[in-house]
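Peer 1: Before we start, here is the structure in question, set down as structure tokens.
The values are calculated or read from the model by the stated rules, or taken from the named source; none is laboratory data. Given the structure is predicted, the values throughout are model-derived calculations rather than measurements. Don't worry about glycine lacking a Cβ; one is built from the backbone with ideal geometry, like all the others, and counts go over all protein chains shown.
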Amino acid sequence: MSLTIEQQTKRVLVVDDVADNLFLAQFFLETEGYEVSVVESGKAALM
């Protein structure tokens, strides 16, 4: 059984070292239905 595109979770990883930017990006992306993960460095994003 496979999921349709509408049933699949859209996930986004946001990387930024400015906390305000992370907050705003997460807020707006979640408003559009995305599941958002945020990290504060490129190193953390690669882990």
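Peer 1: Is it the case that the stretch 25-39 has a residue that's of a type in the set (D, E, K, R), modelled with pLDDT of 95 or more and more than 9 Å from the chain's Cα centre (by Cα)? Please lay out each step first, then the result.
Peer 2: First, the residues of the stretch 25-39 that are of a type in the set (D, E, K, R): 30, 32, 35.
Right, trim to modelled with pLDDT of 95 or more and you get 30, 32, 35.
In the following step, the residues that additionally are more than 9 Å from the chain's Cα centre (by Cα) were identified as 32.
Within the stretch 25-39, one or more residues are of a type in the set (D, E, K, R), modelled with pLDDT of 95 or more and more than 9 Å from the chain's Cα centre (by Cα).
Peer 1: Another question, then. Find the residue count for the stretch 7-47, including only residues that are loosely packed, with under 15 Cβ neighbours inside 10 Å, assigned to a helix (DSSP H, G or I) and of a type outside the set (Phe, Trp, Tyr).
Peer 2: Result for the stretch 7-47: 11.
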